[in-house]
1. Yes or no: LEU13 over 28 Å from GLY77 (Cβ atoms) and out of contact with any Lys or Arg (no Cβ under 7 Å at 6 or more places or on another chain)?
2. Could you run through segment 1-53 and say how many residues are touching a residue at least 24 places away in the same chain (Cβ under 8 Å) and touching a Leu at 6+ places or on another chain (Cβ under 8 Å)?
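Values in this text are rule-based calculations from the coordinates and carry no lab data. Just so you know, these numbers come straight off a predicted model, no measurement behind them. Please note: Cβ atoms are built from the backbone with ideal geometry, for glycine as well, and neighbour counts cover all protein chains shown.
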Amino acid sequence: MQLVLRQIDRQRLLIPVPFLVWKLLAGLMAPLPQRPISRDQVILMKQDNVVGPEAASFSDLGIAPTSIEEILPSYLGERPAEPGA
């Protein structure tokens, strides 16, 4: 998030939210037809999603990795200034 904010030249307060709060919010939003977060998403956020050492590497797959710092500008491009800025 910090990289994206720097790329688009914006400043926002980032506040860590404990999983208990996420669980409560997901429970409150469960009845909504288009809820912004579900209980299952909270469960998934708690799971490690780093690939294990037995997985194929980038070189095994013929992929040249690119750092997010290098590729991010091409994804976000130039952003218009905020109104009143």
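1. no
2. So the first thing to find is which residues in segment 1-53 are touching a residue at least 24 places away in the same chain (Cβ under 8 Å), and the list is 3-4, 7-10, 19, 45-46.
From the residues that got through so far, the ones that are touching a Leu at 6+ places or on another chain (Cβ under 8 Å) too are 3-4, 7-8.
Summing the residues that are touching a residue at least 24 places away in the same chain (Cβ under 8 Å) and touching a Leu at 6+ places or on another chain (Cβ under 8 Å) in segment 1-53 gives 4.
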